[in-house]
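Visitor: Following this message is one structure expressed as structure tokens.
The values are calculated or read from the model by the stated rules, or taken from the named source; none is laboratory data. Here the structure is a predicted model, which is why all the values come from computation and not from measurement. In this analysis, Cβ positions are derived from the backbone assuming ideal geometry, glycine residues included, and neighbour counts consider all displayed protein chains.
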Amino acid sequence: MCSGVGLSRDKDGKRAGMAAAKEAMAKSGPPTISFLFTAGNYDPAEVLTGVQSIIGPSKLVGASTYGIITRGGVCTAGVGVCCLGGPNIRATTYLEKSLSTVGSAYAGNFNIVTLSHQGKAKTVFVFPDGFGNNISALLRQLHDSMGPGYSYAGGGTGDNLDKRCTYQLTDEGVTTGGFSLATVYGVDFEFGLGHGWQPTGEPMLVTRAEGKRVYELDGVTAFSRYASSLAIADSNDFSHVSMKYPLGILCRGGEFLLRDPLQVGDDGSIVFVTEIPPNTVVTIMTPPPGGDVSQVKSEILYNTYASAPKAKIMFVFDCVSRYFLLGEAFERNLTQALAGIEPTLPVFGCLSFGEISSISGAPLFYNKCITAVVGG
Amino acid sequence: MSQALLELLALYDVTSLSTPKTFEDLFAQLVEKTTRLFGAVGAALVLPAENGQQTVFTWGWKNTKGLFRYPKGAGEHCLVHHFTPKEAGSLYIKCKQALLPEERRLALILAQTVERLIHQRKVEEDLKKAEEEKNLILDSLAEQLFFIDGKQRIKWANLSTASAVGLPLGELVGRRCYRVLKGHCGSCRECLAIAVFKSGKAQQGVVISSQGRILDIRSYPMRRADGAFRGVLNTITDITQRVKAEESLRLSEAKYREIVAMLQEGFYEADLSGTIILSNDAAERLLGYEPGQLVGKNFRHIVKNPYTALRIFNDVYVTGRARQGVILEVKHSEGKPRFVEISVTPIKDSTGEITSFCGVARDVTERKRHVEKLEHYSWHDALTGLYNRAWFEQQLKEIDSACYPVTLLMADLDGLRLINDIMGHAHGDELLKACARVFKTSVRATDRVARIGGDEFAAILPKCDEDVAEIVLKRIRRTLSEHNSSNPQFLLSLSIGAATSHGDSSLRQTFKKADNRMLGDKLLRSLKQKNQLIEGLAATLAERDYTTRLHVERLAELCPRLGRRLGLSKEEQEDLALLARVHDLGKVGVPPDILFKQGSLTPEERAIMEQHPEKGYRIASSSPNLVHVARLVLCHHERWDGGGYPLGLRGKEIPLECRILALADAYDAMTSDRPYRRAMSQREALRVIRECAGSQFDPQLAEEFIKMMEENEE
């Protein structure tokens, strides 16, 4: 497999796309599958036109993000392209125009083209609208639709938070409020995921919730219960505290699925970035001693890289909330983390609004995580 | 966090499933938890559906074939949990990695929690369904149904109650029944519910509502299992239509009974066993029963032949069709046989099943007798009671071959026509009856006698050969002779012929043979028979009037004496003497009340009387011994002047003998006592004769007669 990553900060979307694609193709050769991320106020259609004018008939998947991650750091205004090519690589793409087709049902109903492939080198990259609802259910539907044997990676798409309007792209076109998907065959990927938070141990039961809003914890209003555990005086302090102290839902192996509290409602309910099902046991998560959650990044990136002997590309999807939380330390931390990785290994990713991984089995939607996908 | 605490959290998580609205929701919860807590990549839930099929929820399966069979080598990755009982459902979880013991334990707890929720949901669904069914049933009732507690508050009511009250159902519950249903401020007077409260027993009553509806109200105490009183269940049924229908039915039945009672014909209704369950007075009178006595009687005790009645009723039952005109002989209570004509009509219930019979009955005893009489007369001769010709002809065609040898007798009553002419048909009929009696008493019991013509008789003698026939013939003649000896005024003369067939010839041919033999017999006996007949007639006349016999004797002396004086020949004198004896023979045909009437005859009586010369003429003509004086008999009442009868001859047209007889007959009549006058003297009689000479009498003969009588006197 050959891979290449290109980045352009040209303000013109088409030019930026062409430039980024050229740069990526210069290293990968004719691509089988291309990844495209935009950051900033680009017209995704123009960008797509520009990229496709270079990559030709290559399959393409991409999305709008808050920032593009490359070896150079985080680019919050630019176009990034990653091309993968090789004789054994095959790919299909799928663009779903709206997440309204996703309900709480688990049954799959997508007409995603799949190819027959022996072995476990089947990976689904999916980029749903990060502001959309019920992404967890979407992932379950995709799993049911695709069938067993697929690994999942990706993340929620976003923007620079000006317009709160996300784009999802494939070689078929652009959509907004939906999801883009690419299935890559023939590349062995290894996956890593982590967040760094630790459980405080005080369990609470979500006694009433609907969608992303949790009304009650342990039978009392959510904020009052949350605040009592953290000694928050009032909701004005919420935003400062909530970023550091997400709720954690128990996962397999003693891991916790984080759920980022976003805002407090007038009724004492708390809106989260992602849904928390009612009758779920949660616990307040706290940063590790010292408060530095960035340490996990190095661990994850390195361990994942180390587990992929034929690494030719590393995808990194890091939660935008971590970017906001760590601030300037984020890029420094990224650079440090990548320092331990072979410098010629292309790195491509984005600041995602939620992360997707099937590291524990079926694909789950994570918050506040860093995921690494290394393949070759 | 310690492992124990993590496990505790997991335990808390797996047992925290919300009660789902649907099984899909429950399965979605299951999938969320298993993917998160156990890394499940597949799950399946199989539940039995109501229609016997299975409802299968799957996630992460491409192919459900082989579901719930442990894949080889993948047991550690899977959990299969069968509900209790197994038919209640099964749960399958497939994980990417092998389940650790604590994970398997937690997964099992999750599965059991799911099972419990499903069972609970099923119970709730069954309960809800039962409740819905119950409400559906109760709300579909036309009757009002409502339940009140001890304080008369409505706890539950059905739609009919709400409709009747005119309030929505929700506004009834919780309110006092008397306020809602009646608009009263307090309990109703004679409230059935209160009566139930007090007595603890069900109560029932009928009231008329303000709208004039008739309502049947029933109140029942409702108790808990421990016997504690819960309240009263009330039902209100609008029975207005039913009451009206019952009243209408009652009136209709009364009318029906009245009509039945008024019928002139008998009416009955009987059950399937034939027992009378309803009858009217006319039926009872028909059989001579007192009122009310007929009901309960069975047909087999009423009719003479129960089997016939049974067959008829059975036929109606089997075919379902009514029968009319059935005639049965019944046992009248007084013992005398009666015949009734009945109809039998099946009565069916609403399903078409025959439940009883009904019909009318009329007494046809007289009609039957009349019909039998007509039938009898159609085969019998009315006068003699013997079979008639039609019957005889039928027998000739249909006689059974087992009756052979068969002898046919043919008999003819001689002189019947003459008798009818002279004596009248009544006398002739008596002779025919006498002849029939002779035959009946002479033939065998198996023999059959018929009158096949006016004076013809025939007999069929079955199993009778020539020898037996001869015996029968002799018996007939003997009986005949005995009859004639005892009844000289009804002398019978029969010409008989017989012939026998042994089957070798047709009965028609045999009959012809017998007839021929009868004719032969008649020819042989004809002269003697005629003399016997006339002697019989003369004897009849003499028997009737002794004076006539003396008058005849005197005339038999006078007439020849005058004849001698006039120089008549010997033969003429013999004729004259014979004429004197038989000139009034025709008077045997004159009824005695006319013949011996003392007063004047009416014109009709005179006309009958003046027939006797003609009758005498026919009698004399039929006898060879009298035929030569027949004309003299006919003319013996002619007058010289032509004013006589029956021919109106005058003068010398009248035979001499008749002119002589007229003188002698008149002289003797005048000189004999009559019941209405004394005899004249000779002188007076001769004077009358002289006066009538030239009118009634021949003048010359009158003069000679007078001279003869005067000379005789001297």
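Visitor: For the stretch B:625-714, give me every one of the helices (runs of 4 or more DSSP H) that falls completely inside it and has 1 or more residues that are under 19 Å from B:Ala556 (Cα atoms), acidic (Asp, Glu) and touching a residue at least 24 places away in the same chain (Cβ under 8 Å).
Guide: Helices (runs of 4 or more DSSP H) meeting the threshold: B:656-670, B:699-713.
Visitor: Right, something else. Scan A:Thr207, A:Thr200 and give me the residue that is over 18 Å from the mean Cα position of the chain (by Cα), assigned to a strand (DSSP E or B), at pLDDT 90 or above and over 25 Å from A:Leu48 (Cβ atoms).
Guide: A:Thr207
Visitor: I'm told B:Asn280 meets every condition in (1) in contact (Cβ under 8 Å) with a residue 40 or more places away in the chain; (2) surrounded by 14 or more Cβ atoms within 10 Å (Cβ to Cβ) except one. Can you identify the failing condition by its number?
Guide: So the condition that B:Asn280 fails would be (1).
Visitor: If you scan the stretch A:279-296, which residues turn out to be surrounded by 15 or more Cβ atoms within 10 Å (Cβ to Cβ) and either touching a Phe, Trp or Tyr at 6+ places or on another chain (Cβ under 9 Å) or among the β-branched types (Val, Ile, Thr) (or both)?
Guide: A:Thr280, A:Val281, A:Val282, A:Thr283, A:Ile284, A:Met285, A:Thr286, A:Pro287, A:Val293, A:Ser294, A:Val296
Visitor: Could you list all residues from the stretch B:80-114 that are of a type in the set (Ser, Thr, Tyr) and either within 60 Å of the chain's Cα centre (by Cα) or assigned to a helix (DSSP H, G or I) (or both)?
Guide: Selection gives B:Thr113 alone.
Visitor: Which residue out of A:Ile270, A:Ile249 is outside the structural domain of A:Ser357 (by TED's automatic domain parsing), touching a residue at least 40 places away in the same chain (Cβ under 8 Å), surrounded by 15 or more Cβ atoms within 10 Å (Cβ to Cβ) and over 30 Å from A:Thr335 (Cα atoms)?
Guide: Matching residue, one of A:Ile270, A:Ile249: A:Ile270.
Visitor: Can I ask one more? Looking at the stretch A:136-169, which of the residues that are facing another protein chain (nearest Cβ under 10 Å) and among the hydrophobic types (A, V, I, L, M, F, W, C) is farthest from the chain's Cα centre (by Cα)?
Guide: A:Met146
Visitor: Of the residues A:Asn279, A:Asn367, A:Asn303, which single one is in contact (Cβ under 8 Å) with a residue 24 or more places away in the chain and outside the structural domain of A:Thr76 (by TED's automatic domain parsing)?
Guide: A:Asn279
Visitor: Looking at the stretch B:35-79, which of the residues that are surrounded by 21 or more Cβ atoms within 10 Å (Cβ to Cβ) and either assigned to a loop (DSSP other than H, G, I, E, B) or at pLDDT below 75 (or both) is nearest to the other protein chains (Cβ to nearest Cβ)?
Guide: The extreme case among them is B:Gly39.
Visitor: Related question: Residues of the stretch B:12-23 being modelled with pLDDT under 85 and within 7 Å of chain A (Cβ to nearest Cβ), which ones?
Guide: B:Ser18
Visitor: Among the residues of the stretch A:335-376, count how many are away from every other protein chain (no Cβ under 14 Å) and assigned to a loop (DSSP other than H, G, I, E, B).
Guide: Looking only at that region, the number is 12.
Visitor: Restricting to the stretch B:428-444, what's the tally of residues that are buried (at least 18 other Cβ atoms within 10 Å of the Cβ) and not polar (S, T, N, Q)?
Guide: Matching residues across the stretch B:428-444 total 9.
Visitor: Going by the conditions given, is B:Glu284 of a type in the set (D, E, K, R) and outside any helix (DSSP H, G or I)?
Guide: Judged against the criteria, B:Glu284 is not a match.
Visitor: Just to check your reading of the model, which residue among B:Phe197, B:Phe146 is crowded, with 17+ Cβ neighbours inside 10 Å and either part of a loop (DSSP other than H, G, I, E, B) or in contact (Cβ under 8 Å) with a residue 60 or more places away in the chain (or both)?
Guide: B:Phe146
Visitor: Do the conditions hold for A:Lys122, that is, is it more than 26 Å from A:Gly375 (Cβ to Cβ), at pLDDT below 90 and either more than 14 Å from chain B (Cβ to nearest Cβ) or surrounded by 17 or more Cβ atoms within 10 Å (Cβ to Cβ) (or both)?
Guide: no
Visitor: Got at least one residue in the stretch A:181-196 being of a type in the set (Ser, Thr, Tyr), within 21 Å of A:Tyr66 (Cβ to Cβ) and crowded, with 24+ Cβ neighbours inside 10 Å?
Guide: Within the stretch A:181-196, none of the residues are of a type in the set (Ser, Thr, Tyr), within 21 Å of A:Tyr66 (Cβ to Cβ) and crowded, with 24+ Cβ neighbours inside 10 Å.
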